[in-house]
Structures are given as C-alpha cells and as structure tokens.
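Colleague: Dumping the structure here so I can ask a few things about it.
What follows draws every value from the coordinates through simple rules; no lab data is involved. Source: prediction; values computed, not measured. With ideal geometry, Cβ positions are generated from the backbone for all residues, glycine too; neighbour counts draw on all protein chains shown.
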Amino acid sequence: MRFMLLFSRQGKLRLQKWYLATADKDKKKMVRELMQVVLARKPKMCSFLEWRDLKVVYKRYASLYFCCAIEGQDNELITLELIHRYVELLDKYFGSV
C-alpha cells in the first residue's frame, strides 16, 4: 500500500497516511488529483480504478471516502476488507463514523 486518504464529499482532507517517502509538493498534487477522480464518479460505479501506475480502492461511508492506493500486484478485495475493518474499528472507538 502506498497511501491511505480519508476525505469528505466536499473534498476536505481529513486524514492521510503515506507508507513511502514522498515530497510534500507531490503529495498535495496526488491528493488533489485523486480526490477529483473519486468525487466525480457515480455512486453505482465500481470501487476499484486504475490511476497512474497504481490501483485505487475506495469506499464511501456516510459522508467520508476511505481511499487506498495499492501496487499492481496487490489484491483489491483484501484492501476493501481492510477499509471495512478500519471503519469498524473507528466506529467502535469514536462512536459514529
């Protein structure tokens, strides 16, 4: 996994975790581009997409998008399950996520 982002439907970044060293300028550009791509997609569209040289897996919970960028050989379904488990954990800890 390269990075994980949480952002609102309005495009406000709530959380970001990067697993590879990346320059701040590149991070901002990647976040902006990826948010535009994900927010422009219809609700019934697939939660997996090819973006740059990565696969992006995202899921919307309430008004938040949970988005992971993974390598080409990584499994999308496991990543989707990881997002779901993360949401369950946050929900258990904070109450209502």
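Colleague: In deg cm²/dmol and to the nearest 500, what is the mean residue ellipticity at 222 nm of the chain if only DSSP H runs of at least 4 residues count, each as -39500 (n - 2.57), divided by the residue total?
Modeller: Calculated at 222 nm, the ellipticity per residue is -12500 deg cm²/dmol.
Colleague: So, one more: Cβ under 12 Å from residue 69's Cβ, residue 69 left aside: what net charge do those residues give with Lys, Arg +1 and Asp, Glu -1?
Modeller: Overall, the nearby charge balance is -1.
Colleague: With the cut-off at 28 Å, tell me which of the pairs 25/55; 17/42; 28/92 have Cα atoms farther apart than that.
Modeller: Over 28 Å Cα-Cα: 28/92.
Colleague: Could you calculate the FRET efficiency of residue 52 with residue 93 from 1/(1 + (r/R0)^6), where r is the beta carbon distance between them and R0 is 30 Å, rounded to 0.05?
Modeller: On the way: r = 33 Å, r/R0 = 1.09.
The value I calculate is 0.40.
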